[in-house]
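I have placed the structure first, in the form of C-alpha cells, so that the comments after it can refer back to it.
Values quoted throughout were computed directly from the atomic coordinates according to the rules given, and no laboratory measurement underlies them. If you're wondering where the values come from, they're calculated on a predicted model, not measured in any experiment. Please note: Cβ atoms are built from the backbone with ideal geometry, for glycine as well, and neighbour counts cover all protein chains shown.
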C-alpha cells in the first residue's frame, strides 16, 4: 500500500485513496466549496489520491441539498481553494462528477428528475422539508429522458470536466454507481427504453461510454476515471442478472481508452459479496488500473493488492476520524473508531465532527 504508483500522467506517493463521501458542508446559497472544506481535505492529503464527495455537474443533476457543485464560477473558485490545499501538501485529487438521475426531487433540482424510463422506486434523499429546514424527503416520479436530455447531459459532464481542470483538479471520476443516472441506464429493471439506449447490453452501456469518450476527448483519457457497483443493489428492487456480464463487456470497450482507473464500489447498502472469480474475470479483460472500495481494512486491502486484483485501495469512513490514516496504517498505530457520535456529524453542520479529529501524535 505504501509504494509509489505511476500510470500515464498520474503519479501517486502511495496506493491508498480517500473514497468519495458526502459531507454537505458547502456554503449556502450557491452550494459553494469553502475554507472549511479546504481544511478538511488538506488534513487528509497524505492519501495517495483523494476522490472528492459527489459533485453535481448541474442544477438538474442535483439530488441532495448542500452538496458542492462545479457548474458556476463561484463553485469553481471555491474548489480551487480545496485543490490548492491538497497540492500544497503533495497530494493529488480527482473530483467525482455526479448526476443523481431519478434519486431527486424538484425542490432540490428545480425540475422533474430524469431517468432512462419513467419508473419510480421507494427512495428518500436529503432536501428541504415543507415545514422548514432539511431532512429526508421522498423522491418524485422521474421523467424518461429524451435524446435532447441525453445530449444536454453529455454536454454538462464535458463542461463540468473542463471546470474541474480550471479549478486545479488532477482528474475527474464519473459516478456511474449506486442507483444514480448512469447506473439506471445499465440495469434492465430501470431501463425499459426501446431506442438505441435500451434493450441490449450494448445499448444500455452506450450513454456512459459516449459520455466518457466525450470527456476524454476534451481533457484527455488519462485524467478520466469511472466508478461502478455491479454487486451493489442500492436503489433497486433486485440484482440485475445481466449486470456482471454487461460490466465485463463494458470493460473490454474501456480497456483501449486507457483511463486513469476503474473504481469498484462494494459492500455498501444492499449488496452481494464479490466472488474471486469476478476479480479474475475483470483482470482477464482489463489490465489498466483498478481501485476497490468497500469496508476494507488494512489486511483486506493488502490482499487485493498482492493478488493483483487492485492497484489502488480506497477507504471511506476510516478517513473521517483518522486524517492521518496513511501514517496509522504504515506504523500500525490504532485507529480512531467511526462510531455513533461520528455518524451524527457526517452530513451538514460545521467543524465539529469534520475538521476537529486529531492526528495520532497531535
Modelled FRET efficiency - R0 51 Å, residue 356 with residue 147, Cβ distances, 0.05 increments | 0.55
Name the shape class, rounded, prolate or oblate, that the alpha-carbon gyration tensor gives for the range 50-104, where a ≥ b ≥ c are the square roots of its eigenvalues, rounded holds for a/c under 1.5, and otherwise prolate holds if a/b is larger than b/c and oblate otherwise.
-> prolate
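Computed FRET efficiency, Cβ-Cβ of residue 302 and residue 252, R0 30 Å: what is it to the nearest 0.05? Walk me through the numbers on the way to the answer.
Numbers: r = 29 Å, r/R0 = 0.95.
With a Förster radius of 30 Å, E is 0.55.
Assign one of three labels to the range 124-222, namely rounded, prolate or oblate, based on the Cα gyration tensor with a ≥ b ≥ c the square roots of its eigenvalues; rounded applies when a/c is under 1.5, prolate when it is not and a/b is larger than b/c, and oblate otherwise.
Working: a/c = 2.24, a/b = 1.14, b/c = 1.97.
Note, shape of the range 124-222 comes out oblate.
Mind running the shape call on the range 1-54? Use the C-alpha gyration tensor, a ≥ b ≥ c as the square roots of the eigenvalues: rounded below 1.5 for a/c, prolate if a/b tops b/c, oblate otherwise. Provide the component values of the computation, followed by the final result.
Working: a/c = 2.87, a/b = 2.49, b/c = 1.15.
Since a/c reaches 1.5 and a/b is larger than b/c, the shape of the range 1-54 is classed as prolate.
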What number, in percent, do you get for the relative contact order of the range 16-145 if the mean sequence gap of Cα pairs under 8 Å and at least 6 apart is divided by its residue count?
-> 25
Where both partners of a DSSP beta bridge lie in the range 1-123, what percent of those bridges are antiparallel, to the nearest 5?
-> 35
Applying 1/(1 + (r/R0)^6) with R0 = 30 Å to the Cβ-Cβ distance of residue 89 and residue 111, what FRET efficiency is obtained, to the nearest 0.05?
-> 0.15
Given only helices, namely DSSP H runs of n ≥ 4 each adding -39500 (n - 2.57), what is the per-residue ellipticity at 222 nm of the chain, to the nearest 500 deg cm²/dmol?
-> -9500 deg cm²/dmol
In nm, spacing of pseudo-spin labels at residue 332 and residue 210 (7 Å Cα→C-beta vector) | 5.5
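Normalising by the residue count of the range 211-323, find the relative contact order in percent from Cα pairs under 8 Å and 6+ residues apart. Intermediate values should be presented prior to the final figure.
Numbers: 149 pairs, mean separation 27.4, N = 113.
It comes to 24 percent, rounded to a whole number.
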Residue 39 versus residue 280, label points 7 Å from Cα toward the beta carbon: distance in nm?
-> 5.1
Which one, (1) 40; (2) 57; (3) 48, gives percent of Cα pairs over 28 Å apart as derived from the coordinates shown?
-> (1)
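I need 278, 157, 2 ordered by Cβ neighbour count within 10 Å, fewest first.
On the way: 278 18, 157 26, 2 11.
Listing 278, 157, 2 from fewest to most nearby Cβ atoms yields 2, 278, 157.
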Here the relative contact order (percent) of the chain, from C-alpha pairs under 8 Å and at least 6 apart, is 16
Gain on full stretching of the segment that runs from residue 1 to residue 129 - 0.36 nm per residue minus C-alpha separation | 41.7 nm
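What number results when the radius of gyration of the range 141-185, computed over Cα atoms, is divided by 2.2 N^0.38 Å?
Details: Rg = 12.5 Å, N = 45, 2.2 N^0.38 = 9.3 Å.
Taking N as the residue count of the range 141-185, the ratio is 1.34.
If you take the Cα atoms of the range 101-141, find Rg, then find the Kirkwood Rh from the mean of 1/r over all pairs, what is Rg/Rh?
A ratio of 0.97.
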